[in-house]
Amino acid sequence: MPRLLIVEDESALRRALTINLKARSYEVEGVGTGASALRAAAANPPDLVIVDLGLPDLDGADVIAGLRGWSQVPIIVLSARDSQAQKVRALDLGADDYVTKPFGMDELVARVRAALRRADVQDLAVGPLVTTPSFTLDLAAKRAVRNGAEVRLTPTEWHLVEALVRHPGTLVSGAQLLAEVWGPGYEKETNYLRVYFAQLRRKLEDSPGRPRHFITEPGVGYRFEP
């Protein structure tokens with residue numbers, strides 16, 4: 001039974017969504033704030049998230065960005081905001097679909113089914129806590145710990161870490177990392193990766209000169225090994 005997380009501050013709508021989706025054999029958890037959504041997703045990762053953009057504490061876009069820091073769970077935006085700029089921003093941040101209010105329940109359920117079909121099972125298995133013999137990463141809290149002490153990583157270092165640990169054991173090309181972290185047009189700036197991975201290894205690896213976890217495949221890319 002797929003588990004859905006609904007992030008909607010309108011209690012009547014949240015209740016209606018919960019009732020209708022449970023009737024269609026989904027397990028549903030509903031929350032009313034962005035902070036509670038991030039906590040709930042970290043504590044018990046859902047199979048799909050439905051999120052409103054107009055939340056009382058965080059913008060829904062911040063929730064999307066927070067989830068994308070450690071998870072590839074399918075995200076469907078359900079919002080009254082219908083401008084093209086809002087839709088593009090949500091999709092660029094990592095949302096998989098965008099449904100404008102008012103909406104039809106049958107259409108929403110069809111989009112849920114489609115998003116779940118597209119979901120990569122391997123990506124969904126990646127949780128917020130990554131543990132290695134050398135360090136521990138809490139991707140939801142943006143916290144790194146090595147030898148019992150917290151290690152400060154810069155936003156760019158976190159972005160690189162997240163891009164790799166979402167796909168453990170998988171080779172990610174240097175061009176892909178550059179485009180994801182720095183944006184289009186930086187695909188040839190390989191010196192950026194050399195500098196930042198050297199910093200990450202000094203901070204996290206037991207032996208930076210002989211890295212065990214952040215592996216370079218010369219001329220090709222990088223790989224994270226737990």
- Task: Quick one: in region 176-194, of everything that is in contact (Cβ under 8 Å) with a residue 12 or more places away in the chain and hydroxyl-bearing (Ser, Thr, Tyr), which residue is farthest from THR216 (Cα to Cα)?
- Result: TYR192
- Specify which of the listed residues (VAL151, VAL145, VAL165) is surrounded by 12 or more Cβ atoms within 10 Å (Cβ to Cβ), at pLDDT below 90 and not assigned by TED's automatic domain parsing to the domain that holds GLY66. VAL165
- Filter result for ARG81 (outside any helix (DSSP H, G or I) and of a type in the set (Lys, Arg)): yes
- Message: So if I check each of GLU189, GLU205, which one is among the charged types (D, E, K, R), closer than 30 Å to GLY148 by Cβ and outside the structural domain of VAL73 (by TED's automatic domain parsing)?
- Response: GLU205
- Determine which member of the set TYR192, TYR196 is over 22 Å from SER134 (Cβ atoms) and buried (at least 16 other Cβ atoms within 10 Å of the Cβ). TYR192
- Query: Which one of the conditions (1) surrounded by fewer than 16 Cβ atoms within 10 Å (Cβ to Cβ); (2) more than 17 Å from PRO211 (Cβ to Cβ); (3) free of Cβ contacts under 8 Å to residues at least 24 places away in the same chain does SER173 fail to meet, given that it meets all the rest?
  - Reply: (3)
- Going through region 206-226 in order, the residues found to be in a loop (DSSP other than H, G, I, E, B) and without any contact (Cβ under 8 Å) to a residue 24 or more places away in the chain are SER207, PRO208, GLY209, ARG210, PRO211, PRO218, GLY219
- Do the conditions hold for ASP47, that is, is it touching a strand residue (DSSP E or B) at 6+ places or on another chain (Cβ under 9 Å), of a type outside the set (A, V, I, L, M) and at pLDDT below 90? no
- Contacts under 8 angstrom Cβ, first residue in region 25-42 being touching a residue at least 12 places away in the same chain (Cβ under 8 Å), partner in a helix (DSSP H, G or I) and β-branched (Val, Ile, Thr), 6 or more apart: TYR26/VAL112; VAL28/THR18; GLY30/THR18; GLY34/VAL63; ALA37/VAL63; LEU38/VAL63
- Item | Residue selected from region 74-99 under the condition β-branched (Val, Ile, Thr) and at pLDDT 90 or above, by the criterion nearest to the chain's Cα centre (by Cα) | ILE75
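The values are calculated or read from the model by the stated rules, or taken from the named source; none is laboratory data. Note that the structure is predicted; figures quoted are calculated from it, not measured. No Cβ is skipped: glycine too gets one built from the backbone with ideal geometry, and neighbour counts run over all protein chains shown.
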